[in-house]
1. Given Cα positions, please report Rg to Rh for the chain, the hydrodynamic radius being the Kirkwood one.
2. Under a crude label model (7 Å from the Cα following the beta-carbon direction), how far is L212 from A189 in nanometres?
3. Count the DSSP beta bridges whose two residues both fall in the range 137-255, then state the antiparallel fraction as a percent rounded to the nearest 5.
4. Nearest 5 is fine: what % of DSSP beta bridges in the chain come out antiparallel, could you say?
5. How many angstrom separate the Cα center of the range 175-209 from the Cα center of the range 46-116?
6. Starting from the Cα of K53, draw a straight line to each of the aspartates and glutamates and keep only those under 19 Å, dropping any in the same chain fewer than 8 residues away.
7. Take the chain, connect every pair of alpha-carbon atoms lying under 10 Å apart with a spring to form a Gaussian network, then pick out the residue of V208, V197, V172 with the largest mean-square fluctuation.
8. Okay, helix-only estimate at 222 nm for the chain: each DSSP H run of n ≥ 4 adds -39500 (n - 2.57), divide by all residues, round to 500 deg cm²/dmol; what do you get?
Amino acid sequence: MAARMTTPPDPTPRSDSPSADGWSDLAALDAAISDCFACPRLVAWREEVARVKRASFAHETYWGRPVPGFGPEHPEILVVGLAPAAHGANRTGRIFTGDRSGDWLFASLHRVGLANQPTSVHADDGLELAGTRVLSAVRCAPPDNKPTTEERDTCAPWLDAELGLVLKSVRVVVALGGFGWQASLTALARVGAVIPVPRPKFGHGAEVVLALPQDQQVRLLGCYHPSQQNTFTGRLTEAMLDDVLGRAAAARLRP
Ligand code: SF4
């Protein structure tokens, strides 16, 4: 997979209206996402964080832009998180890369055979994922890791577009946290999935099989988000993370 270099932010507004339709390939979509300026609060925050920096990264040039998905173009597994971390993906330009949540996620993906290495440090570190694409429901780092409802909804067409482009090969969606679960259900409904009523509830290890058009099925798995809030407190352990991602890996290979 081609590595993406981290480049300085370009302040020229080029996209302020995310669109779910009209995308022919992921490269074009990723480029458009990276140039999105639709949410004034998040644009201001991502650029301020990139300018002020954390002292330990003062020598680095932050990405400071929206962060596209990472992984192969025809994934069997999608891992859907919340949003980039201010000093993680907003710094490195690759989702879940350069922060403690990513340390947990990619180490687990490696243990269950879905990543070629256990670490994800920067965008050119050689990391490759097997049949797995990682993305976030909101593409810009939000203050306090909390996008507003309006920002979530403004960004949703990017998730719809990405899901639409990769859907044919997808067999499993792993939703990280309740936010990722709800965003995944909503996006899957928009691409034609039949969502049971009442709407399936998020929980760690929750699983629901959703019917899609043309006899396709997608298995949605819930997993606690590997945020420090969960990993420091023991709410999420390595074994629990490996269990869900291991189930995804097994479902990917099931005939
Ligand atoms: S959060 Fe999404 S819609 Fe808002 S500016 Fe970032 S990429 Fe655009």
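1. Value, to two decimals: 0.94.
2. Label-label distance for L212 and A189, simple model: 1.8 nm.
3. 55 percent
4. Taking every DSSP beta bridge within the chain, about 35 percent pair in antiparallel fashion.
5. What the calculation gives is 23 Å, centre to centre.
6. Partners within reach: D10, D99, D144.
7. Of V208, V197, V172, the most mobile in the Gaussian network model is V197.
8. After summing the helix terms and dividing by residue count, I get -11000 deg cm²/dmol.
Bear in mind that the values in this text are calculations on the coordinates, not laboratory data. Quantities reported herein were computed from a predicted structural model and do not represent experimental measurements. Here Cβ is always computed from backbone atoms with ideal geometry, including for glycine, and neighbour counts include all displayed protein chains.
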